[in-house]
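Written out below as structure tokens is the structure these notes cover.
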Amino acid sequence: MAKKQEVTYFEFRQYASVLKSTGRKARTLRELRDIIADVTEEAIFHHMYQYFLKGHVLQYTNDFAHWAGESLEERVLSEHLSNIDPYGFLKVADLRQELVRVIDEYMAQFPSPREAMPGDEFCFNQTITLVFPVGMRVKNLAEFLLAIKYADPGCIYYHFYEARTRLGSGTDDFSAWIADSLDNKELAGRINAIDPFMHTIEGIRGHIADVVEADLRKHMQVLL
């Protein structure tokens, strides 16, 4: 008789951050480019990856694109920067190189871009992150579906967005647990295929809930 696979609990964790200034500012596009080239990886991570945690409506997809479009009024550049998918890079160093490349190409075509008005400079920040359990553990898909509907946005960000860089494999915590512990690789694949770059956190929550509920309904129909 085959040994029954042991199911492990999934524990939801909360992600919180404390903003910390690097003390560096850019007023011009050249200054922005040069600081991006050597600022800490934590600052790049904050302005690119953590943009999704800030609740912006996605006209822009990162702080650099937002500043280029709103403060410099360089709309073409903001579009190019918004097209950079941070989750397409497993290393922040590679993402940094892509940012520099895009800005360099733009400055080669438009060598005299606008400057930001005084007081509207780009301020480089980074964050100190805190991760802690929220007292919510689930052991099956029905419990997971209920939890995902009510989990704090910081939980969704940590397990779906941040995990893709933390684990270094491009996957997320939800998919990994469903594949490994529940042995449901088909559902795990559907969740992992949801593009974090194309949705807000609430959009991600809705998509995950939809595919999990569809999977539960399918198995209930089989049992009936």
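FYI, it's all coordinate maths here, none of it is from the lab. Please read these numbers as outputs of a predicted model, since none were measured by experiment. FYI the Cβ positions are ideal-geometry reconstructions off the backbone, even for glycines, and counts take in every protein chain you see.
Mean separation of Cα pairs under 8 Å and 6+ residues apart, divided by the residue count of the chain: what relative contact order is that in percent?
Working: 291 pairs, mean separation 67.8, N = 224.
Worked out over the chain, it gives 30 percent.
How high is the FRET efficiency from Ala209 to Val100, r the C-beta distance, R0 41 Å, rounded to 0.05? Walk me through the numbers before you get to the answer.
Details: r = 39 Å, r/R0 = 0.94.
My answer for the efficiency is 0.60.
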- Message: On a 29 Å Cα-Cα criterion, which of the cross-link pairs Lys91/Lys185; Lys91/Lys218; Lys25/Lys149; Lys25/Lys54 come out too long?
- Response: Lys91/Lys218; Lys25/Lys149
- Note on the structure: In whole angstrom, the spacing between the Cα centers of region 179-224 and region 97-133 equals 35
- Going residue by residue through region 97-107, the Karplus relation 6.51 cos²θ - 1.76 cosθ + 1.60 with θ = phi - 60° gives ³J(HN,Hα) values, rounded to whole Hz and with x marking Gly or Pro, of 4, 5, 4, 4, 4, 5, 5, 4, 5, 5, 5
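For the chain, what is the per residue volume of the convex hull drawn over the alpha-carbon atoms, in cubic angstrom?
Details: hull volume 29.7 nm³, N = 224.
That works out to 133 Å³ per residue.
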- Note the angle between two axes, namely the Cα long axis of helix 29-38 and the longest principal axis of the Cα atoms of the chain, as a number of degrees from 0 to 90, rounded to the nearest 10. 50
- Query: What shape does region 18-126 take by its C-alpha gyration tensor, where a ≥ b ≥ c are the square roots of the eigenvalues and a/c under 1.5 counts as rounded, a/b above b/c as prolate, and the rest as oblate?
  - Reply: rounded
- Query: Using a Förster distance of 25 Å, how high is the FRET efficiency between Leu216 and Arg166, based on the Cβ-Cβ distance and rounded to 0.05?
  - Reply: 0.35
- Which angle between 0 and 90 degrees, to the nearest 10, do you get for helix 141-150 versus the longest principal axis of the chain when only C-alpha atoms count? 40
- Task: Find out how many positive minus negative residues lie around Tyr157, taking Lys and Arg as positive, Asp and Glu as negative, among other residues whose Cβ is under 13 Å from that of Tyr157.
- Result: 0
